[in-house]
1. Just to verify a result, which residue in the stretch 44-59, among those that are near the ligand (Cβ under 8 Å from one of its atoms) and either in contact (Cβ under 8 Å) with a residue 60 or more places away in the chain or on the phi > 0 side of the Ramachandran plot (or both), is surrounded by the most Cβ atoms within 10 Å (Cβ to Cβ)?
2. Do we find a residue being in contact with a helix residue (DSSP H, G or I) (Cβ under 8 Å, 6 or more places away or on another chain), under 18 Å from residue 65 (Cβ atoms), within 16 Å of the ligand (Cβ to nearest atom) and without any contact (Cβ under 8 Å) to a residue 60 or more places away in the chain anywhere in the stretch 200-214?
3. Can you name the residue in the stretch 99-114 that is within 11 Å of the ligand (Cβ to nearest atom) and over 15 Å from the mean Cα position of the chain (by Cα) and, of all such residues, is nearest to residue 29 (Cα to Cα)?
4. Please enumerate the residues belonging to the stretch 6-43 that are more than 10 Å from the ligand (Cβ to nearest atom) and either touching a strand residue (DSSP E or B) at 6+ places or on another chain (Cβ under 7 Å) or not in a helix (DSSP H, G or I) (or both).
5. Taking the stretch 88-98 on its own, how many of its residues are under 11 Å from the mean Cα position of the chain (by Cα) and over 17 Å from residue 179 (Cβ atoms)?
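Only the coordinates and a few stated rules stand behind these numbers; no lab work does. Values in this document were obtained by computation on a predicted structure and should not be read as measured data. Here the Cβ positions follow ideal geometry from the backbone for every residue, glycine too, while neighbour counts run over all protein chains shown.
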Ligand code: PTJ
C-alpha cells in the first residue's frame, strides 16, 4: 500500500496515484482547480495511448535531451500541474542538462508563485526563476506573458509542459526552440513544437533525463544528428494514429 491507500496491484494504481498528487497540489495551493480538469483530459488521452511511452514518444524524448544538451540557455517552464506531479524529476532534469527552472502560470497569483517555488526548493532546486517577472513575451495579453529577463526571455530552448496554446505559439514566434510535453497530439502547443513529446509527464521527464545522461559525453555533431533524425510530424501522426486506432483490450 502507498500513502494513498491504493494497493499497488490495483489495475489503475499509477493513474490513481497521479490523481492524488494533483488533488494534494490543489490543497497545498500549488495547482489551480483548472489543473484538475487538465489532468482529466490528459488521463483520457493516456488511456487511449495504452498508458505507456510509445516508441515515437521515446524518440522525441531522446531528441528533447539532445536539444537541451546542445542549448546555450535551456529553461524548463513549470506550472501548477508540473510542480504537483514531477517536482523532484524536474530538478533532476535541470541538473542533467544544466538548465534553469522558471515558474510560469496561467492563473498567476503571487501566493501560488511562492508556493511552487518553495515546493521546488524542497525537492532540491537551488534557484527558481519567474518571481522577478521583469520581462514580457510579446503578443500575449494574459499572465503567462510575465517572464524573467534572464530566464525564459533569454532562453534559446524552452521545455513547455502541459500548456495552453497561446504562449507556445508566442514563444515559437520569438524564435525559441520548444519542447512540448502534452498528451494531446493535436493541441496547439504540440502543433508548434520543434519536439512534440506525446507522453504523460510522469513518464516523459524521467525518460528525457535518462537519455540526457546517456548522451552526456556525446559530441555536438552526435547531438545534432539525434535532432535531425527526429521527425516531429511523424511523431504527431504516430501518436494520433495510436489514439484513434489503438486496441483498447
Ligand atoms: O498552473 P497554471 O495556472 O499555469 O494552469 C495550468 C493548466 C494546465 C491548468 C493550464 O495550462 C491549462 O488549462 O491547460 P490546458 O489548456 O488544459 O492544457 C493542458 C494540456 O495538457 C491538455 O492538452 C492535456 O491533455 C495535457 N495534459 C494533462 N495532463 C497531462 C497532460 N499531458 C501530459 N501529461 C499529463 N499528466
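1. The selected residue is 46.
2. Checking the stretch 200-214: not a single residue is in contact with a helix residue (DSSP H, G or I) (Cβ under 8 Å, 6 or more places away or on another chain), under 18 Å from residue 65 (Cβ atoms), within 16 Å of the ligand (Cβ to nearest atom) and without any contact (Cβ under 8 Å) to a residue 60 or more places away in the chain.
3. 112
4. 6, 7, 8, 9, 10, 11, 12, 28, 29
5. The qualifying residues number 0.
A quick yes/no check of all residues on (1) more than 13 Å from the ligand (Cβ to nearest atom); (2) free of Cβ contacts under 8 Å to residues at least 60 places away in the same chain; (3) farther than 23 Å from residue 239 by Cβ; (4) within 16 Å of the chain's Cα centre (by Cα):
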| residue | (1), (2), (3), (4) |
| --- | --- |
| 144 | no, yes, yes, yes |
| 170 | yes, yes, yes, no |
| 179 | no, no, no, yes |
| 183 | no, no, no, yes |
